[in-house]
1. Which three lengths, in whole Å and largest first, does the chain cover when its Cα atoms are put on their principal axes?
2. Per the helix-only calculation at 222 nm, which mean residue ellipticity applies to the chain, given -39500 (n - 2.57) for every DSSP H run of n ≥ 4 and division by its residues, nearest 500 deg cm²/dmol?
3. Give the separation of the Cα centroids, the stretch 110-135 to the stretch 51-86, in Å.
4. Which whole-number value in Å³ per residue fits the convex hull of the alpha carbons of the stretch 91-187?
5. Taking the Cα centre of the chain as origin and charging only Cβ (+1 Lys, Arg; -1 Asp, Glu), how large is the dipole, in debye to the nearest 20?
6. In 5 Å bins starting at 0, how do the alpha-carbon pair distances of the stretch 154-260 split up by percent?
7. What per residue convex hull volume, in Å³, comes out for the stretch 1-65 when only alpha-carbon positions are used?
8. Round to the nearest 10 and report in Å² the accessible area of S346, as given by a 1.4 Å probe over the protein chains' heavy atoms.
Amino acid sequence: MVRYRAGIIGCGQVARNHAAAWRAVPAVELAALADTQPDALADFACAFDVACEHCYVDYRQMLDREGLDIVSVCSWHAQHAEMTIAAAARAPRAILCEKPMAVSLGEADAMITAACRANVLLAISHMRRFYTGWEEARRRVLAGDIGTPRHLWSGVCDGLLNCGTHAIDGMRYVLGDPAGEWVIGNVERKTDRHERGIHIEDACAGLIAFAGGAHAVVESDLTPAGPISFEVIGSEGMLQVKENRVRVFTPRGDGWQNLDVAQNEPFTDQAHELVDCLDGRIATNEFRNEATQARAALEIMMAIYESARRHEVVRLPLQTRAYPLDLMVESGDLPVERPGAYDIRSFLVRGEART
């Protein structure tokens with residue numbers, strides 16, 4: 001039954017979701033692991049029964065020696081482009097990279113180019129597209145149950161680049177993946193805030209215009225936020241969308257109705273669909289996490305930052321290839337008023353040296 005050998009780069013928490021998903025697919029063997037921290041590597045190998053001779057502190061050695069068919073890139077954001085491009089050079093069948101796809105549009109395009117040159121399926125793990133709640137919301141919107149979508153809203157926390165990528169990607173998914181047309185945004189950064197080593201804002205908001213006429217607002221660190229969720233207001237009704245929960249309101253109903261949706265494991269469903277794509281049961285452009293979908297969400301996020309940098313409406317396609325927030329920080333356009341660098345994900349760091 002096993003047809004594909006999978007390897008994982010980065011043995012942190014999200015990698016455990018990838019590992020469990022690959023192990024749930026009969027066609028896939030979890031064959032190899034790589035992480036720079038020996039303790040993390042050993043713990044992970046023990047948890048998922050991967051032999052020590054298939055564990056590496058240098059991910060390039062794993063890629064060179066293991067002949068992998070599938071590579072999961074589960075490292076921190078700033079390493080996604082480098083590791084994906086290195087994996088593509090070894091020509092596996094598929095690469096599944098964690099979100100956000102990259103930290104700039106230039107990096108994202110380099111990843112897509114490397115995968116195309118090597119004929120590798122590149123997918124980005126916006127796994128929430130596989131939640132049954134999001135699937136049902138998309139079905140309802142595309143069926144016209146709430147009329148023409150007009151307005152969407154989502155509130156997230158912990159930086160636009162982290163949770164915001166799910167919110168923007170989710171709104172696109174529910175609408176049927178329309179293109180973005182223009183974006184206007186603003187940011188506040190008065191503390192030296194980072195997330196996994198990357199500059200992030202203290203707060204931001206963006207207004208996004210999609211093809212077809214829907215406008216979406218995303219707020220980051222401005223309102224209390226729980227699980228990734230959003231609201232869709234149409235000409236004939238409304239939806240409130242959470243992971244495995246959907247509420248609908250239409251004039252034809254009797255107030256708000258909770259829809260009955262099954263609970264599921266999205267990482268596993270994502271893995272199954274990727275294998276379906278490799279086996280030819282679905283076309284590449286039908287795989288919901290194919291990389292160009294993630295690029296579209298990333299472009300919108302970068303456009304929000306670029307709008308703040310240039311103080312103007314940014315019309316897509318976005319021309320700036322760098323990370324606009326870095327440009328603002330480095331130019332002094334966002335002076336820190338409360339000095340002292342800090343990282344909101346510092347608790348994830350392990351392997352501190354002992355003396």
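The values are calculated or read from the model by the stated rules, or taken from the named source; none is laboratory data. A quick note: this is a predicted structure, and the numbers were derived from the prediction, not measured. No Cβ is skipped: glycine too gets one built from the backbone with ideal geometry, and neighbour counts run over all protein chains shown. The protein model used for the area step is the full one, side chains on, heavy atoms only, and it has no ligands, DNA or RNA in it. Shrake-Rupley method; radii C 1.70, N 1.55, O 1.52, S 1.80 Å.
1. Largest to smallest, the principal-axis extents are 61, 51, 39 Å.
2. After summing the helix terms and dividing by the residues of the chain, the value is -10000 deg cm²/dmol.
3. Rounded to whole Å, the Cα centres lie 17 Å apart.
4. Dividing the Cα hull volume of the stretch 91-187 by its residues yields 138 Å³.
5. Dipole magnitude for the chain comes out near 400 debye.
6. Once binned at 5 Å, the Cα pair distances of the stretch 154-260 give 2, 11, 20, 21, 18, 13, 7, 4, 2, 1, 0.
7. 72 Å³
8. 70 Å²
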